[in-house]
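S.K.: Here you go, one structure.
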């Protein structure tokens, strides 16, 4: 029994000495900010700058990347990835080193107003021998912001579309009918007479 115990301890010591990196090497990631709430509503054409920090919480250097990620069961809308640009998008970090990442949010001319939610994620990037990359553990900060309608007509349209819930695909038809009825009553109430002036 004592021989088996000594044999097991010797074997464990050999494994630990032979593979110290495999046993103790650890790649980690942390985010310096837990939540980002944009304090003012955004509109078409607005460009908003924000930033967050990615931290190497492991004990060995590594390559890192950032991206926009979604929560599937979120009640808020998911902002398109093309609205966002990151600088830098990839970088190397030593243990306990951090990198500030600047994020630019650009609202296009065409968008759906409302409340948006997404994750700004930082993650270690591992490269295989074949050159392919893989992502393991990740950390993220929550991003909340609101996009306002661009004018009264867009607000009216989206209010009508949202009020019809599952029938929202008919929103454009409903809006067209309402506008047509308004024009009909306006033209009926006011008669416009177009005359051609005779030239002498």
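The values are calculated or read from the model by the stated rules, or taken from the named source; none is laboratory data. The structure displayed is predicted, hence computed values, not measured ones. Positions of Cβ are backbone-derived with ideal geometry, glycine not excepted, and every protein chain shown enters the neighbour counts.
S.K.: All but one of (1) at pLDDT below 70; (2) in the same structural domain as residue 121 (by TED's automatic domain parsing) hold for residue 27; state the number of the condition that does not hold.
M.R.: Unmet for residue 27, out of (1) at pLDDT below 70; (2) in the same structural domain as residue 121 (by TED's automatic domain parsing): (1).
S.K.: Could you list, in sequence order, the residues of the stretch 83-92 that are more than 8 Å from the chain's Cα centre (by Cα) and free of Cβ contacts under 8 Å to residues at least 24 places away in the same chain?
M.R.: Result: 85, 86, 87, 88.
S.K.: Among what's in the stretch 72-91 and is surrounded by 13 or more Cβ atoms within 10 Å (Cβ to Cβ) and over 24 Å from residue 47 (Cα atoms), pick the residue that is modelled with the lowest pLDDT.
M.R.: 74
S.K.: Can you tell me which residues in the stretch 126-155 are in a strand (DSSP E or B), at pLDDT 90 or above and more than 12 Å from the chain's Cα centre (by Cα)? Working first, answer last.
M.R.: Residues of the stretch 126-155 that are in a strand (DSSP E or B), as a first pass: 126-127, 133-135, 139-147.
Keeping just the survivors that are at pLDDT 90 or above gives 139-147.
Residues satisfying the conditions are 139, 146, 147.
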